[in-house]
Structures are given as C-alpha cells and as structure tokens.
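In what follows, a structure is listed as structure tokens, so that the remarks can point back to it.
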Amino acid sequence: MPDTSVSITSGVILTANEATATYQWVNCGNNKAPIVGATSQTYTGTTSASYAVIVNLNGCVDTSNCHLTSLTDITSFGNNNAVGVYPNPTNGVFSIEVNNSEKQTMQVFDVRGELVLTQILQRGKTYIDASNLANGVYNINVISNGNIINQRLVITK
C-alpha cells in the first residue's frame, strides 16, 4: 500500500509524503469530491477546509486521512467584515455577529475536518443552536464573497 501520510506547511500547503505516485486531492467537507486540477504531490488550500489525497502507487490506491487547513492571514477583510462569536466557550447555543451586509455562510467543522453544521448569516446578530454537537473544539468558517474568516468555538455542557 502507498504511504498516505501528509505534511502540512504554513497551515495550508499539503504535501503527500509518497514521492513516486499519482495523486488526486479531494475536499473532505464536500463528500471527498475531487478538486479539479489538484493532481500534483503538493496542494495549497485556498480556504480553511479539510482535504485528503488519493495516492496511486503502481495500481495500489489508498486515501489519506482528512487534514484541516487553517488560513491565518485575514488582514484583507478589514474592520467592515469583523465577526464576533459569543459566548465562547458555549453550551451549544451561541451568537455570531457580522458587520458585512453581504450574504454570508457559516460552516462548522469538527476536529476531523467533517462539516457538521452550515447556516446562512444575516447582517447583525444570528443565534445558532448547535446543542446537538458533542463537547469539543470546532472550527467556524464565515464565508463572504470568496473570503473566509476562521474562528474557533469550544462547546462544553
């Protein structure tokens, strides 16, 4: 079987450690859908999301675990796109406050990088009921016009 381990650099650059194979990177948050054109040993994530690689070594095919990438440079969003998540930690019911008037989508990912909740956000405060989620640390992506703001959320009951 091929080596399906993956190295992550700078939070978003993923490299399959199997050096002599063919590759297909997939989006774990989208039912492991193949990413068009992502067939090299290295893939640079364009969003904070969860990715895996299918490695084919001489006809032996295996898929890596999902790996969560994290974009850290959000300076391009400016103050007009500020996002507040509170209370944090939460018992599962929390608010997200956004200043941007554009349509925004919130995605919540668990520690395995699986999408566990998605919701459209309105300008101002939106109340979120995630009380069905287990205790743990989650990544929240707020997406607007192709830009992503990433926040961490801790649920403790």
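FYI, it's all coordinate maths here, none of it is from the lab. Given the structure is predicted, the values throughout are model-derived calculations rather than measurements. So basically every Cβ, Gly included, is an ideal-geometry build from the backbone, and we count neighbours across all protein chains shown.
General remarks:
- Charge context of residue 50, other residues only, Cβ under 14 angstrom, K/R +1, D/E -1: 0
- Local electrostatic count, residue 136, Cβ distance below 15 Å [Lys/Arg +1, Asp/Glu -1]: +1
- Both numbers refer to the Cα atoms of the chain; Rg and Dmax are 17.1, 54 Å.
- Normalised alpha carbon radius of gyration of region 75-155 [divisor 2.2 N^0.38 Å]: 1.02
- Each residue of region 103-114 is assigned a 3J(HN,Hα), and the resulting list reads 4, 10, 10, 9, 10, 10, 10, 7, 5, 8, x, 7 Hz, derived from the Karplus form 6.51 cos²θ - 1.76 cosθ + 1.60 (θ = phi - 60°), x at Gly and Pro.
- Total formal charge among the other residues, if their Cβ is under 11 angstrom from that of residue 94, Lys/Arg +1 and Asp/Glu -1: -1
- Rounded to the nearest 20 debye, the dipole size of region 86-157 about its Cα centre is 80 debye, using +1 on the Cβ of Lys and Arg and -1 on the Cβ of Asp and Glu.
- For a paramagnetic label modelled on residue 3 (point 7 Å from Cα along Cα→Cβ), amide N atoms under 20 Å away belong, within region 35-65, to 39-44, 52-65.
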